[in-house]
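The values are calculated or read from the model by the stated rules, or taken from the named source; none is laboratory data. Not measured: the values here are computed from a predicted model. Using ideal geometry, Cβ is built from the backbone for each residue, glycine included, and neighbour counts are taken over all protein chains shown.
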Amino acid sequence: MLAELAAANAAFAVIKESISNGGELHQMGQKLIGYFNATSEIEKKAQEGGKGDLDAFMAKEQVRAQEEELKEMMIYQGRPGMWTDWLTFKRDAKLARDAEARELRAKAAKRRELLYNWFMGSLIVVGSLTGLIAIGMIIYLVKYGR
């Protein structure tokens, strides 16, 4: 949680400075993505709960305050429509991240299915060979038995 909060704070400082100097969203590039990813990670950990609930709550509150400050800066110091562009960027980044997560889950499911198929195929081969050996031994014992 602390690492995500530190990353969010560092990215926020750069974004804040850039907006104060009249910068555009497209000029902030990776810092925007870093800030958004860090805040999303904080949000996810806060929703999971568990250990450090107070830390998660406080981190979430700090991010909320930063978002409010960012909103005010973009509305009053940025160009017209900058806040709307920020919201659009956040939506697009979330959709891209969700699509990537779905793709990773699909790949993992495909890999599990492949491993299961190989395991079952190996089990069938071993079972068949064992059966053939058993039948061969029975035939041998019947033919040459004592």
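Summary of computed values
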{"item": "Every pair of residues 6+ apart whose Cβ atoms lie under 6 Å, when the first sits in region 92-116 and is part of a helix (DSSP H, G or I) while the second is surrounded by 10 or more Cβ atoms within 10 Å (Cβ to Cβ) and among the aromatic types (Phe, Trp, Tyr)", "result": "ALA93/PHE36"}
{"item": "Any hit, region 44-55, residues being surrounded by 12 or more Cβ atoms within 10 Å (Cβ to Cβ) and in a loop (DSSP other than H, G, I, E, B)", "result": "yes"}
{"item": "Criterion: aliphatic (A, V, I, L, M), out of contact with any Leu (no Cβ under 9 Å at 6 or more places or on another chain) and modelled with pLDDT of 80 or more - qualifying residue of ALA3, ALA46, ALA65, ALA59", "result": "ALA65"}
{"item": "Checklist (1) of a type outside the set (S, T, N, Q); (2) exposed (fewer than 13 other Cβ atoms within 10 Å of the Cβ); (3) touching a residue at least 24 places away in the same chain (Cβ under 8 Å) applied to GLU17, failing item", "result": "(3)"}
{"item": "Filter result for THR88 (out of contact with any Ser or Thr (no Cβ under 8 Å at 6 or more places or on another chain) and either modelled with pLDDT of 95 or more or of a type in the set (Phe, Trp, Tyr) (or both))", "result": "no"}
{"item": "Test: residue in region 78-86 that is loosely packed, with under 10 Cβ neighbours inside 10 Å and closer than 24 Å to ILE33 by Cβ", "result": "yes"}
